[in-house]
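A quick write-up on the structure given underneath.
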């Protein structure tokens, strides 16, 4: 399996611009997670989906952030408008939970820099 | 609030030294515990996990961790480290039916040859 795929790997944009991060989970996985990693706050859960439905978005920092999962093989995280404090590495992870918790497999991350 | 505390932000060891990285979590219910590793330039990979059963868990590359419920701890150990173990190590847990992981801030481990 190709693992979790994220694009782009690096994104540099200017304040006020819209940013869209993309994720393709591992085929057959029914959970998808978005995390953000910063020096100050470490790794934080932003939102996660089960069977394409958002389950918990309490980690989304504010209304400028939105996430969608239109089908089982694709998710986006959008920031509009972007701000310098959004600069971070954004990770996507997926898992398959049959009858209990299971391992989350992480993608390589997208390093976002907002100037 | 749920949280994970990793006691050491930076650890420097020589090859063949023994390793123990501390991890304490704050949560009152049943937890699932994980250690992830991030090698330089690579993505997060699972080292080991504990869901239930034997509290001593063995993972990849000779790592092990022990869950001590009374201490809310899940410390990571390796008897003899190698230069290739240089990486960032993250302790994490999930609990209460929630599926998202709560991570510690990470420990940056440097192994000197």
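Rule-based calculations on the coordinates, nothing more; no lab input. Just so you know, these numbers come straight off a predicted model, no measurement behind them. Quick reminder, even Gly has a Cβ in these numbers, built from the backbone with ideal geometry, and neighbours come from all protein chains shown.
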Considering chain B as a Gaussian network with a 10 Å cut-off on Cα pairs, which listed residue, B:20, B:64, B:88, attains the greatest mean-square fluctuation?
-> B:20
GNM of chain A, Cα pairs under 10 angstrom: of A:40, A:60, A:69, the biggest fluctuation goes to A:40
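Give me B:27, A:35 sorted ascending by neighbouring Cβ count inside 10 Å, so fewest comes first.
Numbers: B:27 16, A:35 26.
Neighbour counts put them in this order, fewest first: B:27, A:35.
Which percent of the Cα-Cα distances in chain B go past 21 Å?
Result for the distance tail: 31 percent.
In which sequence would B:108, A:10 go, from the one with the fewest C-beta neighbours within 10 Å to the one with the most?
Values: B:108 15, A:10 10.
If I rank by nearby Cβ atoms, fewest first, I get A:10, B:108.
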Let me have the relative contact order for chain A, percent, based on Cα pairs under 8 Å that are six or more residues apart.
-> 37
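How high is the relative contact order of chain B, in percent, with contacts defined as C-alpha pairs under 8 Å that are six or more residues apart?
On the way: 279 pairs, mean separation 42.5, N = 113.
Value for chain B: 38 percent.
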Taking alpha-carbon centroids only, the stretch A:20-38 lies from the stretch A:42-66 a number of Å equal to 11
Among A:95, A:27, A:75, residue whose mean-square fluctuation peaks in a GNM of chain A (springs only between Cα atoms under 10 Å) = A:27
Can you give me the three principal axis dimensions of the protein assembly as shown from its C-alpha atoms, in Å, biggest first?
-> 49, 40, 36
Percent of Cα pairs exceeding the 19 Å cut-off, where the set is chain A | 40
